[in-house]
Amino acid sequence: MAYIGLAYPTIAKLDPATNTYSNGFRMGKAVSVNITTNYNEANLTGDNVIAETVKEFRNGTIDLGITTIPIEAYNTVFGHTVTPGEDGTLIIDKTDDVPNYVGVGLLKEEMIDGEKSYIAMWIYKVLFTESGESATTKGETVSFQTPTITGTIMALDNKQWRERKIFKKEEDAIKYLNEKANIPPEA
């Protein structure tokens with residue numbers, strides 16, 4: 001298997017009481033993703049060897065590089081106050097802002113023996129924080145600078161933390177992610 005693409009970062013607010021999603025939207029365009037999982041581990045030693053071992057999912061981390069942070073993310077994801085106005089949108093960050101749990105969807109393109117498939121991935125419960133900000137002046141050359149947000153991945157009460165579905169057509173994978181995020185079909 002060879003992954004040859006990443007696209008369609010999708011976010012939706014999670015209601016932890018019902019495990020349903022709302023306020024779904026695209027989180028810019030995908031630049032990169034790095035998902036790391038952490039496990040609780042224990043070994044039982046008997047007769048001078050490991051007799052039993054256990055490894056259970058504890059949590060994970062997702063670093064999501066995107067082209068932009070959409071306005072709706074400041075409230076839906078990070079819990080900031082967003083006020084649209086005629087002359088622009090005001091975003092106020094407060095020390096007691098509480099980020100929301102969200103579901104995260106991604107689309108990975110894969111090629112096996114010359115044939116493409118599309119893997120739609122949905123991570124059920126993530127709590128994102130904003131990373132630091134940096135910017136560089138243009139100088140003699142222009143280079144793009146893109147944001148990365150970092151989140152903690154958690155399991156739902158039923159112990160599920162991620163699902164993946166493989167499609168032959170990209171549009172079917174996108175439709176699946178939109179349904180997961182409760183994004184209505186385009187008219």
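Since every read-out is calculated from the coordinates, none of them should be taken as a lab result. Just so it is clear, the model here is predicted, and its values are computed rather than measured. Here Cβ is always computed from backbone atoms with ideal geometry, including for glycine, and neighbour counts include all displayed protein chains.
Give the distance, in whole Å, between the Cα centre of the range 5-43 and the Cα centre of the range 49-90.
7 Å
For the pair N34 and H80, how long in nm is the line joining their label points, each one 7 Å along Cα→Cβ?
2.3 nm
So which of K108/K165; K13/K125; K116/K175; K29/K138 end up more than 20 Å apart, counting from Cα to Cα?
Correct reply: K29/K138.
Can you work out the Karplus-derived ³J(HN,Hα) for every residue in the range 54-65? Use 6.51 cos²θ - 1.76 cosθ + 1.60 with θ = phi - 60°, whole Hz, and x for glycine or proline.
In residue order, the calculated couplings are 9, 9, 10, 4, 9, 5, x, 10, 10, 10, 10, x Hz.
Among A173, A30, A42, which one moves the most in a GNM of the chain with springs linking Cα atoms closer than 10 Å?
Among A173, A30, A42, the largest mean-square fluctuation in the Gaussian network model of the chain belongs to A42.
Rounded to the nearest 500 deg cm²/dmol, what is the calculated helix-only ellipticity per residue at 222 nm for the chain, with -39500 (n - 2.57) per DSSP H run of length n ≥ 4?
Result for the chain: -2500 deg cm²/dmol, rounded to the nearest 500.
Using Kirkwood radius over Cα pairs in Å as the read-out, say which of (1) 18.6; (2) 16.7; (3) 16.2 was calculated from these coordinates.
(1)
Specify the residue with the greatest mean-square fluctuation among G65, G132, G28, computed from a Gaussian network of the chain linking alpha-carbon atoms under 10 Å apart.
So, out of G65, G132, G28, the one fluctuating most is G132.
For the residue pair A135 and V98, what label-to-label distance in nm results when each label sits 7 Å from Cα along the Cα-to-beta-carbon direction?
3.2 nm
Write out the trypsin sites (Lys or Arg not before Pro) in the range 113-185 meeting two conditions: DSSP loop, and at most 16 other Cβ atoms within 10 Å of their Cβ. All intermediate terms of the calculation are to be shown ahead of the outcome.
Working: sites: K116, K125, K138, K159, R162, R164, K165, K168, K169, K175, K180; in loops: K138, K159, K168, K169.
Filter output for the range 113-185: K138, K159, K168, K169.
Taking amide H atoms as placed 1.01 Å from N in the peptide plane, list the residues 5 or more away in sequence, or in a different chain, whose amide H sits under 5 Å from that of V33.
Counting only residues 5 or more places away or on other chains, the set is G65.
Dipole magnitude of the chain about its Cα centre, charges +1 at Lys/Arg Cβ and -1 at Asp/Glu Cβ only, in debye to the nearest 20?
Dipole size: approximately 340 debye.
So what are the ³J(HN,Hα) numbers for the range 175-182, from phi and the Karplus equation (6.51, -1.76, 1.60; θ = phi - 60°), rounded to whole Hz, Gly and Pro as x?
Once θ is set to phi - 60°, the couplings for the range 175-182 become 4, 4, 5, 4, 5, 4, 8, 6 Hz.
Under 20 Å between alpha carbons, and skipping anything fewer than 8 positions from K180 in its own chain: which aspartates and glutamates qualify?
D15, E72, E109, D157, E163, E170, E171, D172
List, in order, the whole-Hz ³J(HN,Hα) value for each residue of the range 85-98 obtained from phi through the Karplus relation with A = 6.51, B = -1.76, C = 1.60 and θ = phi - 60°; use x for Gly and Pro.
x, 5, 9, x, 10, 9, 10, 10, 9, 10, 5, 9, 4, 10
Kindly provide the GluC sites (Glu not before Pro) of the range 74-125 that DSSP labels as loop, not H, G, I, E or B, and whose Cβ sees at most 12 other Cβ atoms within 10 Å.
Answer in residue order: E86.
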